[in-house]
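In what follows, a single structure is set out as structure tokens and then discussed.
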Amino acid sequence: MSALIYGIRLQFRMDIRSRTLLVTCYLVPLLFFAVMGGIFTSLMPEAKDTLIASMTVMGVSMGALIGVPPSLLEIYGTDIRKMYRVGEAPRFFGLISLVISAFVHLMIMSGLILAIAPAAFDAKLPKNIGLYFAKLSLFLIVSLALSCVLGLAVKNQAKLTMLSQVFFLPSILLSGIMFPSRLLPFALEQAGKFFPAAWGYRLLTGVEDGGKSLLALLALLLVSVLACGIIGARKQDM
């Protein structure tokens with residue numbers, strides 16, 4: 001347990017110095033929030049009610065889908081993996097350390113948006129802050145689980161970058177944070193439901209859907225964890 005805690009602390013410090021995670025977990029999401037927050041609330045005053053959720057979904061999706069996979073590839077696609085094996089570290093030691101570190105960074109970014117939005121854009125705060133962060137934690141975990149599947153499955157950096165964009169862009173455009181998803185063609189609206197962002201946005205905004213958002217996120221989490229286990233087992237045997 002002490003080794004895992006040390007690994008998490010070490011990974012957290014490394015991530016702070018990582019340009020990739022700095023850009024994807026902090027700079028771009030917060031810059032997007034600063035620019036688009038003013039545009040959204042000026043063009044659509046009603047956007048103040050969902051601004052915190054929409055900006056958070058965008059930031060979490062970017063940090064998870066674009067920032068985490070390259071770091072995972074560095075661990076499991078290079079000689080670092082052999083160092084773990086020589087040191088007899090558990091199979092998913094690097095993955096768990098990276099995911100927990102990324103979770104903390106993305107939670108900090110989300111907290112900044114929550115704290116700044118009401119003063120900067122007169123955004124509406126969630127009625128129950130504790131429940132909001134519980135929902136956000138689930139969305140974060142699901143997004144990071146999907147990013148782990150990408151990072152473990154793809155062996156080439158160029159292909160991984162392209163595939164991360166393929167997952168990130170549709171997840172944002174079809175999630176409903178830019179415009180209501182009901183305005184999309186039926187096929188695209190349904191396609192958006194394959195990404196965590198769409199369900200995360202509905203969950204964070206408190207849409208009454210009979211618990212569908214919660215069940216959908218749990219289903220995506222289960223599929224992602226199973227995929228990570230299968231891919232990780234194959235890599236261990238290589």
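The values are calculated or read from the model by the stated rules, or taken from the named source; none is laboratory data. Bear in mind that the values here come from a model prediction, so they are computed numbers and not experimental data. Cβ coordinates were reconstructed from backbone atoms using ideal geometry, including for glycine residues, and neighbour counts include every protein chain displayed.
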Check: Could you count how many residues in region 106-129 are touching a Lys or Arg at 6+ places or on another chain (Cβ under 8 Å) and among the hydrophobic types (A, V, I, L, M, F, W, C)?
Finding: 2
Notebook entry, point to check: Among the residues of region 169-194 satisfying the criterion of being assigned to a loop (DSSP other than H, G, I, E, B) and hydrophobic (A, V, I, L, M, F, W, C), which is surrounded by the most Cβ atoms within 10 Å (Cβ to Cβ)?
Noted result: Ile177
Note to self: Of all residues being aromatic (Phe, Trp, Tyr) and in contact with a helix residue (DSSP H, G or I) (Cβ under 6 Å, 6 or more places away or on another chain) in region 114-141, which is nearest to Ser224 (Cα to Cα)? Just the residue, please.
What the structure shows: Phe139
Notebook entry, point to check: Residue check: is Leu222 assigned to a helix (DSSP H, G or I), surrounded by fewer than 21 Cβ atoms within 10 Å (Cβ to Cβ) and modelled with pLDDT of 90 or more?
Noted result: yes
Checklist line | Which listed residue is modelled with pLDDT of 90 or more and surrounded by fewer than 21 Cβ atoms within 10 Å (Cβ to Cβ), from Gly210, Gly130 | finding: Gly130
Check: Only one residue in Phe139, Phe168, Phe194, Phe186 is without any contact (Cβ under 8 Å) to a residue 40 or more places away in the chain and under 15 Å from the mean Cα position of the chain (by Cα), so which one is that?
Finding: Phe194
